[in-house]
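Here's the structure, in structure tokens; my notes come after.
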Amino acid sequence: MGDLDWNVVGWEELSSRVGRVRLPGWDCTTGLVVGEDGALLVDAGSSLREGAALRAATRRLLGPHARVTHIALTHPHFDHVLGAAAFAGVEVYGAAGIDTVLARGRDELRADAVAHGVPPGEAAGAADVLVVPHHRVSGEWTLSLGGGLRVLLANVGPGHTAHDLAVLVPGTPEIVFCGDLVEESGEPQAGPDAIPRHWPAALDRLLELGGEDAVYVPGHGAAVNAEFVRAQRAELAARFGVS
């Protein structure tokens with residue numbers, strides 16, 4: 001595969017083989033990691049319509065002879081999972097336990113999407129065909145995308161939810177997709193499914209994965225550095241009264 005022109009689809013280039021888009025509405029990140037034999041999408045948007053738009057953008061970027069082959073869902077919230085069904089025939093990964101949450105929580109996801117402004121019909125349609133991950137990551141899972149590119153999926157939670165998955169892409173710099181364990185465009189959101197007492201430790205694991213020089217890509221907002229993640233860890237520890 002030749003060089004990728006991320007500008008063609010209006011995505012932010014993080015490295016020659018890694019990019020992401022900040023979706024409208026909630027400034028939610030979707031990432032893409034491209035190898036010689038496959039491509040990994042990180043999170044899939046908030047509706048089938050948004051998922052279809054992501055599929056069209058990736059097809060335009062990758063050309064007629066390549067496609068998204070894998071999806072990693074960083075956590076089970078509507079704005080990250082409801083678009084996954086727009087990608088047929090892909091292998092879907094999530095943290096261990098996310099399958100149970102999604103299988104039992106379709107109505108809650110639909111209601112949450114509607115409460116945040118997704119049209120009711122779109123939310124219901126996406127919930128009806130909700131994709132439950134085929135592969136559950138309980139520790140770490142190395143995913144080969146070809147051409148020597150091996151991506152690490154790491155179950156680093158609980159924190160933002162009970163089922164938080166991070167994606168580490170090796171290189172210079174290394175790139176870490178953090179899901180909503182890290183947020184830049186606003187204060188990290190702790191909903192009823194958050195595990196606040198464990199959230200700072202989850203950020204410690206992110207920092208161990210990426211190290212000092214990595215680019216950390218939050219679930220919402222601009223890419224940040226290790227210093228930002230450490231500062232957010234300190235803020236969360238103070239907010240929740242944990243060390």
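Would you be so kind as to identify which of Leu143, Ala113, Ala86 lies farthest towards the positive end of the dipole of the stretch 71-176, taking Lys and Arg as +1 and Asp and Glu as -1 on Cβ and the Cα centre as origin? Checking the options against the dipole of the stretch 71-176, the answer is Leu143. Per-peptide packing, taken as the mean over residues of other Cβ atoms within 10 Å, places 156-166, 35-45 in the sequence 156-166, 35-45 from highest down. Counting 0.36 nm for each residue step from Asp193 to Arg59 and taking away their Cα separation leaves a gain of 44.8 nm.
Give the distance, in whole Å, between the Cα centre of the stretch 94-173 and the Cα centre of the stretch 1-77. The two parts, judged by their Cα centres, are 15 Å apart.
Label zone (Ala103, point 7 Å along Cα-to-C-beta; backbone nitrogen cut-off 20 Å) within the stretch 141-174: 162-165. Taking θ as phi - 60° and the Karplus parameters 6.51, -1.76 and 1.60, the scalar couplings of the stretch 116-131 work out to 9, x, 6, x, x, x, 5, 5, 5, x, 5, 5, 5, 10, 3, 8 Hz in sequence order, x denoting glycine and proline. Between rounded, prolate and oblate, where does the stretch 20-81 land on the alpha carbon gyration tensor, with a ≥ b ≥ c its root eigenvalues, rounded for a/c under 1.5, else prolate if a/b exceeds b/c? Note, shape of the stretch 20-81 comes out prolate.
Annotation: amide H of Gly97 has no partner in the under-5 Å range at sequence separation 5 or more or interchain, hydrogens built in the peptide plane. Per-residue 3J(HN,Hα) values for the stretch 135-151, derived from phi via the Karplus relation 6.51 cos²θ - 1.76 cosθ + 1.60 with θ = phi - 60°, read 10, 10, 9, 9, x, 10, 9, 9, 10, 8, 10, x, x, x, 8, 10, 9 Hz in sequence order (x marks Gly and Pro). With R₀ fixed at 35 Å, the C-beta to C-beta distance from Glu208 to Ser16 puts the FRET efficiency at about 0.85.
A simple spin-label model places the labels of Ser138 and Ala231 3.9 nm from each other, with each point 7 Å out along Cα-to-Cβ. The phi torsions of the stretch 200-211, fed into the Karplus equation with coefficients 6.51, -1.76 and 1.60 and a -60° offset, translate into couplings of x, 5, 5, 5, 4, 5, 4, 5, 5, 5, x, x Hz, rounded to whole numbers, with Gly and Pro shown as x.
The modelled label-to-label distance between Asp37 and Ala222, using points 7 Å beyond Cα along the C-beta direction, is 3.9 nm.
Share of antiparallel DSSP beta bridges in the chain, in percent to the nearest 5? Bridges in the chain are about 70 percent antiparallel. Take the alpha carbon gyration tensor of the stretch 73-208, find the square roots of its eigenvalues, order them as a ≥ b ≥ c, and report rounded if a/c is under 1.5; if not, report prolate when a/b exceeds b/c, else oblate. Oblate, since a/c reaches 1.5 and b/c is not below a/b.
Highest mean packing first, where packing is the average number of other Cβ atoms within 10 Å per residue, the peptides 74-81, 116-123, 129-136, 214-221 line up as 74-81, 214-221, 129-136, 116-123. Using the rule -39500 (n - 2.57) for each DSSP H run of four or more residues, divided by the residues of the chain, the 222 nm mean residue ellipticity is -9000 deg cm²/dmol.
Coordinate-derived values only; no laboratory data. The structure displayed is predicted, hence computed values, not measured ones. Note that each Cβ is placed from the backbone with ideal geometry, even for glycine, and that neighbours are counted across all protein chains shown.
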